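Working notes, beginning with the structure itself.
The values are calculated or read from the model by the stated rules, or taken from the named source; none is laboratory data. Keep in mind the model is a prediction, meaning the values are calculated, not measured. Every residue, glycine as well, gets a Cβ built from its backbone with ideal geometry; the counts of neighbours run over all protein chains shown. Ligands, DNA and RNA are excluded from the accessible area calculation, which covers all protein heavy atoms including side chains. Shrake-Rupley method; radii C 1.70, N 1.55, O 1.52, S 1.80 Å.
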Amino acid sequence: MRFSQVRSSLILLSSYLLTIIVTVALTVSTWQVLPSQAEPAPYAQTATDTSEVAQQSPANAAIGSTSFVTAAVNRVGTAVVRIDTERTITRRMDPFMEDPFFRRFFGDSFPQQLPSEQLRGLGSGFIIDKAGLVLTNAHVVDKADKVTVRLKDGRTYEGKVQGIDEVTDLAVVKINPDKDLPVAALGSSDAVQVGDWAIAVGNPLGFDNTVTLGIVSTLKRSSAQVGIADKRLDFIQTDAAINPGNSGGPLLNERGEVIGINTAIRPDAMGIGFAIPIDKAKAIALKLQRDGKVIHPYLGVQMITLTPELAKQNNTDPNSPIQIPEINGVLVMRVVPDSPAASAGMRRGDVIVQIDQEPVTSADKLQNLVENSRLGQLLQVKVQRGNQIQRLSIRTAELQDPA
């Protein structure tokens, strides 16, 4: 009887032990099969595959220890300069204080002029020739009495403005270095596409050697669209941050080549900047080096692009002073007195539809046709005046004042 009880106990104990062993085995097996929550799930691509993918684009390269932005900036960084300007302004007294009646009571103790005032400006630029040629914006150095060019390594040189073109907002400054200077590599803006990387380098708000990154947002954004009516440019638009002081600095591609010159910002927009295409800047810089100025042909009209829809809106307005042909073309809003257009008989309200057999459907196109003409060239201009077609011969003249 006792032996039977012992045997039963042993069998029960063995069952318990077997149950425990099976449970432990299943638990260990589960740990081996399920991935850890602290580690990512295994990825099928090998390390070699990952390396190959990372080399496919600058964006992936930026994740590495040395980004494409670093490489681009290192290539051009020493050629980017800071430009400080000074200008002396002397203000005259209020004309009221020069009135004889006023001086009869107060005498001549009042000065004829107020004390002179020093205006200081800040901009950027970059070296395009090792002998000391710097390219920048015209508005950075315009009317400056003193120009100081500061290199990244701290060297400073007095700059002489060699040429200014206000119409394209470009200027060339000459410095006399004691040795050869680093030169920025110039790319081609014609090869730029929307979505390409854009790297802005300069001295925004006085913060030297600042770099911002973005993309090319759009191309051939006209100066009229940007709100700079007195310029003749098609800008590169970018979302790379461009602030006051960036003007004149380079806009780079991912290879560190200059594709544009940072030139304009809109105060009413966030994250939108504009740059002059480098191909345009190259041509202007050569003329500024050679002649000190650039000759721009002009007709002498203020204009807007006209569409049938805009014309219809005008014509249905009972307060409209004129009726406009409901066609595509360029509407003349004003004819500048004593201009080539005025001499040829152009009138306010005329719609320009053709120049030298070339159809004209926008103000930008008309401006480009005139800009690309020769000084003194006789242009055959077709206009619609009311219900009649007029043909005018207009000889281009030199634009003296961009305004």
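Overview of values
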{"read-out": "Accessible carbon and sulfur surface of segment 315-403 relative to its total accessible area, %, 1.4 Å", "value": "43 percent"}
{"read-out": "Exposure rank, largest accessible area first [Ser343, Ser124; 1.4 Å]", "value": "Ser343, Ser124"}
{"read-out": "Gln225 versus Arg334: modelled label distance in nm, points set 7 Å from Cα along the beta carbon direction", "value": "2.5 nm"}
{"read-out": "Per-residue SASA entry for Leu369, accessible area with 1.4 Å probe, Å² rounded to 10", "value": "60 Å²"}
{"read-out": "Under 28 Å from the Cα of Lys382 - lysines, other chains or at least 8 residues apart", "value": "Lys220, Lys231, Lys312, Lys365"}
{"read-out": "Ordering of 181-189, 330-338 by packing [mean C-beta count within 10 Å, highest first]", "value": "181-189, 330-338"}
{"read-out": "Surface accessible to a 1.4 Å probe, per residue, for the residues of segment 196-299, Å²", "value": "41 Å²"}
{"read-out": "Segment 154-236: translational diffusion in µm²/s, Stokes-Einstein, Kirkwood Rh over Cα pairs, 37 °C, 0.692 mPa s", "value": "207 µm²/s"}
{"read-out": "Accessible-area composition of segment 165-220, carbon plus sulfur, in percent [1.4 Å probe]", "value": "51 percent"}
{"read-out": "Cα shape, segment 202-319, gyration tensor, a/c 1.5 rule", "value": "oblate"}
{"read-out": "Translational diffusion coefficient (Stokes-Einstein; Kirkwood radius from C-alpha pairs) of segment 322-403 at 25 °C, 0.890 mPa s, in µm²/s", "value": "189 µm²/s"}
{"read-out": "Residue-normalised accessible area of segment 131-185, expressed per residue, 1.4 Å probe, Å²", "value": "44 Å²"}
